[in-house]
Amino acid sequence: MRYWIKFSKEGRLKFISHRDMHKVVNRIIIRADLPVVYSKGFHPHQRISFSNPLELGIESKAEYLDLELREEIEPQKIYKALDKNSPKGFSFYGAKKYEIGAPKLMAWLELASYNIENIDRINSNELEIAISKFLKKEEIYIEKRRRKRVLKVNIRSYIHSIELVENNIKLKLQTGQRGNLKVSQFIKIFNKVTGVNLDSYRILKTEMYGRDYGQYKTPFELLEKLKN
């Protein structure tokens, strides 16, 4: 039986790598005494997979994992058991049973929303002008290294939205296999184009989305739709 589980990664844990996060979650699952399925072979490992890797230094309230168990358990009991056995910085707060027809989680996710928080030190009028100037750009290029080559890539289509809400910048960026723009890359090019420096602010990933018949849905919204 498979479940999609939602968790957060905040505080000092924003500095651990995706690989180290994988190890931490492995230990949490063992401590939670969940009947996890293991792969076969000489080096069996837990049958789990994660959403797209989170960039170092970024906090998140929207990490997802796909967990396979040997038996059916009430979703609420699963995430509560995981949360009870988690270190400070990890919080598990949602789970839904996998539904037939759902895609592979990592391959399906292609959009992430972020908050750049507590930017009240920047004049709001100045920031509105900067965002407007940035969004008017039809082409925005960054350099990406592909093997031994350095390519210039137009990432304008990877920036889905930017808006100023109170003291936060809310943005949605392309992620995943069809194109990926890191928040650090966005900030670097935003600083360069507008002259407004966003480097020193807290960045929080707030949600992830995949496309379902032309509409973006969260993982839980997709499973709820397939359930019905």
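Regarding I119, is this residue of a type in the set (A, V, I, L, M, F, W, C) and surrounded by fewer than 19 Cβ atoms within 10 Å (Cβ to Cβ)?
Spelling it out, it is not the case that I119 is of a type in the set (A, V, I, L, M, F, W, C) and surrounded by fewer than 19 Cβ atoms within 10 Å (Cβ to Cβ).
Take the range 184-228 and flag every residue that is aromatic (F, W, Y) and either touching a Lys or Arg at 6+ places or on another chain (Cβ under 7 Å) or assigned to a loop (DSSP other than H, G, I, E, B) (or both).
Y201, Y209, Y213, F220
Return only the number of the condition from (1) out of contact with any helix residue (DSSP H, G or I) (no Cβ under 8 Å at 6 or more places or on another chain); (2) in a loop (DSSP other than H, G, I, E, B); (3) at pLDDT below 90 that Q177 does not satisfy.
(1)
Only one residue in E74, E59 is of a type in the set (D, E), buried (at least 17 other Cβ atoms within 10 Å of the Cβ) and modelled with pLDDT of 95 or more. Which one?
E59
Can you confirm whether L67 is of a type in the set (A, V, I, L, M, F, W, C), closer than 24 Å to V183 by Cα and either part of a loop (DSSP other than H, G, I, E, B) or not assigned by TED's automatic domain parsing to the domain that holds L181 (or both)?
No; evaluated as a whole, the condition is false for this residue.
Out of Y79, Y64, I need the residue that is more than 21 Å from L111 (Cα to Cα), crowded, with 16+ Cβ neighbours inside 10 Å, in contact with a strand residue (DSSP E or B) (Cβ under 7 Å, 6 or more places away or on another chain) and among the hydroxyl-bearing types (S, T, Y). Which one?
Of the residues listed, the single one that is more than 21 Å from L111 (Cα to Cα), crowded, with 16+ Cβ neighbours inside 10 Å, in contact with a strand residue (DSSP E or B) (Cβ under 7 Å, 6 or more places away or on another chain) and among the hydroxyl-bearing types (S, T, Y) is Y79.
Which of the residues that make up the range 1-52 are without any contact (Cβ under 8 Å) to a residue 12 or more places away in the chain and under 21 Å from P75 (Cα atoms)?
The answer is R27, I30, Y38.
When the residues of the range 189-203 are filtered to those that are farther than 23 Å from L13 by Cα and either surrounded by 14 or more Cβ atoms within 10 Å (Cβ to Cβ) or among the hydrophobic types (A, V, I, L, M, F, W, C) (or both), which remaining residue is modelled with the lowest pLDDT?
Only one residue fits best here, namely V196.
The values are calculated or read from the model by the stated rules, or taken from the named source; none is laboratory data. Model, not experiment: these values are computed from the prediction. So basically every Cβ, Gly included, is an ideal-geometry build from the backbone, and we count neighbours across all protein chains shown.
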